[in-house]
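The values are calculated or read from the model by the stated rules, or taken from the named source; none is laboratory data. Small disclaimer: the values here were computed from a predicted structure and weren't measured. Cβ placement follows ideal geometry from the backbone for every residue including glycine, while neighbour counts extend to all protein chains displayed.
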Amino acid sequence: MKLGELAARLGCKLDGVETVEIRGVAGIESAKAGDVTFLSNPKYFRELAKTLASAVFLDEKVVIERGPGLPPLAALRSKNPYFDFARAIELFTAPVAYAPGIHPSAVVAKSAKIGQGAHIGPYCFVDEGVEIGRNAVLHSLVTIYRNTRIGDDFFAHSQTVVREGCTIGNRVILQNGAVIGGDGFGFAKRPDGRWHKIMQYAPVVIEDDVEIQANSCIDRATVGETRIRRGAKIDDLVLVGHACEVGEDAIVCGQVGLAGSTRVGNNCILAGQVGSAGHLEIGDGATVTSQSGIPSDVPPGALYSGYPAMENKLWLRVMAALKNLPEMQKTLRRVVKELDRPE
């Protein structure tokens, strides 16, 4: 594709030669002639001077400075370089197509309703009363329990499980090993001191345009429901406990754990390994940084860090003070000793 055509299709302003041939996309460090790359993180600004790419998606104000002897680097000026680079990937990568039909090794109940254009791959199991929409893909070894409702353009990668009675919207993607609707972790103490399992009857509801990545678990509830709202993205190895709610367009990163009845607002970001206590609310637009522990509610729009999670600016001050504690302790001991000396 010519560089001029690429710029036109993505609505970017081109600083460079329109006839340059672009053959693919690559990261700024590994790009070569014929590739288009991007720069959005200032950490990689130094790579701009030495990349071998033919073109780069850049913010409108970034100035290109090239090292000696390197070929010219065209700029595709963008208000959102990362987003436009993501769109460029789609132009150079053909999606894998799956032919409609049911593989001979798949087991599909007679009462199941499968939409037009759906692909049911090897060794899949679709139970009684299931409804699956148009153009769905069940790759292989996918298990759909009874009375589940699934919308159009669903994609379930190998070894995913959707348990009984769950509801899944349109354009939902489940990566390998995701489990939707496994039993919530609920037990009551018996008089004899043993644990009694609390039945988990309430379903999981996954709204449209959600993606849940590998080996994550969204637990069903005892009563009510567990709900993942439209556009939310859930990373690998995440646990969403029973009766939780994850808001629209929220980002939940790897190894996050949400205890039961946690409410995560719209457009929140929970970075890797965040853990929450149960029965609390994280307000709309809040961000919680990596490895933070949340014992109580987080206000809307807040930036929280640490354990117990607190405002990020306060946490930075606490960490700075913590680093100086050994020296402060020495000073305190010396002062106490001097005060204790007899006159």
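The set of residues in the stretch 19-65 being of a type in the set (S, T, N, Q) and either crowded, with 16+ Cβ neighbours inside 10 Å or not assigned by TED's automatic domain parsing to the domain that holds ASN80 (or both) consists of THR37, SER40, THR51, SER54.
Conditions (1) modelled with pLDDT under 95; (2) closer than 25 Å to ASP152 by Cα; (3) of a type in the set (A, V, I, L, M); (4) surrounded by fewer than 21 Cβ atoms within 10 Å (Cβ to Cβ), marked per residue:
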residue	(1), (2), (3), (4)
ASN176	no, yes, no, yes
ASP183	no, no, no, yes
LYS189	no, no, no, yes
HIS196	no, no, no, yes
TYR201	yes, no, no, yes
ILE206	no, yes, yes, no
ASN215	no, yes, no, yes
ASP219	no, yes, no, no
ILE228	no, yes, yes, no
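Table: residues versus (1) touching a residue at least 12 places away in the same chain (Cβ under 8 Å); (2) farther than 29 Å from GLY186 by Cα; (3) aliphatic (A, V, I, L, M); (4) touching a Ser or Thr at 6+ places or on another chain (Cβ under 9 Å).
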site	(1), (2), (3), (4)
ARG263	yes, no, no, no
GLU281	yes, no, no, yes
VAL288	yes, no, yes, yes
ALA302	yes, yes, yes, yes
PRO308	yes, no, no, yes
MET328	no, yes, yes, no
LEU339	no, yes, yes, no
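Meeting the requirement of 1 or more residues that are assigned by TED's automatic domain parsing to the domain that holds ILE234, closer than 23 Å to GLY257 by Cβ and β-branched (Val, Ile, Thr), the strands (runs of 3 or more DSSP E) wholly within the stretch 123-219 are 179-182, 204-206, 217-219. Looking at PRO72, PRO81, just one residue is without any contact (Cβ under 8 Å) to a residue 60 or more places away in the chain, in the same structural domain as VAL25 (by TED's automatic domain parsing), crowded, with 20+ Cβ neighbours inside 10 Å and not aliphatic (A, V, I, L, M), and that residue is PRO81. Of the set (1) touching a residue at least 24 places away in the same chain (Cβ under 8 Å); (2) within 15 Å of THR167 (Cβ to Cβ), all apply to GLY224 but (1). Among the conditions (1) surrounded by 13 or more Cβ atoms within 10 Å (Cβ to Cβ); (2) more than 30 Å from ALA136 (Cα to Cα); (3) touching a helix residue (DSSP H, G or I) at 6+ places or on another chain (Cβ under 6 Å), LEU10 misses just one, which is (2).
In the stretch 298-330, how many are part of a loop (DSSP other than H, G, I, E, B) and not small (Gly, Ala, Ser)? Don't jump to the end; show me each part of the working.
At the first step, the residues of the stretch 298-330 found to be part of a loop (DSSP other than H, G, I, E, B) are 299-302, 306-309, 324.
Filter again for not small (Gly, Ala, Ser), leaving 299-300, 307-308, 324.
Matching residues across the stretch 298-330 total 5.
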